[in-house]
Amino acid sequence: MIYKIQETLIEFAKDNNFPNITDVHYYCDGCAGQYKNKYNFMNLSFQEKDFKIKGQWSFFATSHGKTECDGIGGTVKRLARKASLQRPLQDQILTAATFYEFCKSNISKINFHFISKESADDVRRQLETRFENLNTLPGTRSFHNFRPLDSSGTLEARRISTDEHPSLTYNLRRGLALNVREEDLYPSRYIACKYDNLWFFGIITNVAKEDGDATVKFLHPAGPSPSFYWPKRDDICDVPIPHILAVVEPP
């Protein structure tokens, strides 16, 4: 249902006041059953691909998310409840459809959209494949801002939205925490990485994101060491991206 609401609201924004919208920043409470979970994070990863709009999601701390929307929602429900009590028994507002019709006909200056159970079920079925074999992002409750990096399920998690650097970069499909952003990995970039339970400095010669690894030309010896050198015979090997520890400055 959350995805269907996003789809409806983004279409409305594009068709009306914001035709050139390029980014959406979602704010809501941290209810794990509705918003703060691996399924919603996976949809956020597909945000740009699905809606042609970039997005990020921030969660309020407990009891700190009251805004105008709470007042609007409370007013709408109060008006509908009062009207329902004043109607004959056979004409009371008891379904989502009659609630929508009442709001549409009697409340001005607020836009209402009706999402049927059938359309929500259709979306749920369409997303089943996307949600297969997802892993829970470790420490989800500790983070309050999430930003997608690609449509494969890789996200940055921050403690708060103003943090310059993410506390965790994680791929929901592979269940792997990444120490560096994949977009920062490209040929000629110097990195530190783990290999055979040792750590090495080296330079990237190729990146295969679809395979989840990078080809690295290693400096010798393995660290720690006061100095490093290029061996006479090139030492080159593929390294899984999660084993890359950091991007480093050229020597």
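The values are calculated or read from the model by the stated rules, or taken from the named source; none is laboratory data. Worth saying up front: this structure is predicted, and the values here are computed from it rather than measured. Every residue, glycine as well, gets a Cβ built from its backbone with ideal geometry; the counts of neighbours run over all protein chains shown.
Exactly one residue out of Ile107, Ile93, Ile115 is among the β-branched types (Val, Ile, Thr), within 23 Å of Met1 (Cβ to Cβ) and under 30 Å from the mean Cα position of the chain (by Cα): that is Ile115. Against the numbered list (1) in contact (Cβ under 8 Å) with a residue 24 or more places away in the chain; (2) touching a strand residue (DSSP E or B) at 6+ places or on another chain (Cβ under 7 Å); (3) surrounded by 14 or more Cβ atoms within 10 Å (Cβ to Cβ); (4) within 21 Å of Thr169 (Cβ to Cβ), Ile204 comes up short only at (1). If only residues of segment 129-160 that are under 13 Å from the mean Cα position of the chain (by Cα) and more than 19 Å from Lys49 (Cβ to Cβ) are counted, the one that is surrounded by the fewest Cβ atoms within 10 Å (Cβ to Cβ) is Thr136.
Residues checked against (1) under 27 Å from Phe46 (Cβ atoms); (2) out of contact with any Phe, Trp or Tyr (no Cβ under 7 Å at 6 or more places or on another chain); (3) buried (at least 16 other Cβ atoms within 10 Å of the Cβ); (4) touching a residue at least 40 places away in the same chain (Cβ under 8 Å):
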{"position": "Leu185", "(1), (2), (3), (4)": "yes, yes, yes, yes"}
{"position": "Leu219", "(1), (2), (3), (4)": "no, no, yes, no"}
{"position": "Pro226", "(1), (2), (3), (4)": "no, yes, no, no"}
{"position": "Pro231", "(1), (2), (3), (4)": "no, yes, no, no"}
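Of all the listed residues (Thr162, Thr129), the sole one being within 14 Å of Met42 (Cα to Cα), free of Cβ contacts under 8 Å to residues at least 12 places away in the same chain and not in a strand (DSSP E or B) is Thr129.
Out of the residues in segment 76-94 that are assigned to a helix (DSSP H, G or I) and aliphatic (A, V, I, L, M), state the one that is farthest from Asn106 (Cα to Cα). Among residues in segment 76-94 that are assigned to a helix (DSSP H, G or I) and aliphatic (A, V, I, L, M), the one farthest from Asn106 (Cα to Cα) is Leu89. Put simply, of Gln90, Gln126, Gln86 the only residue that is out of contact with any Leu (no Cβ under 6 Å at 6 or more places or on another chain), of a type in the set (S, T, N, Q) and at pLDDT below 90 is Gln90.
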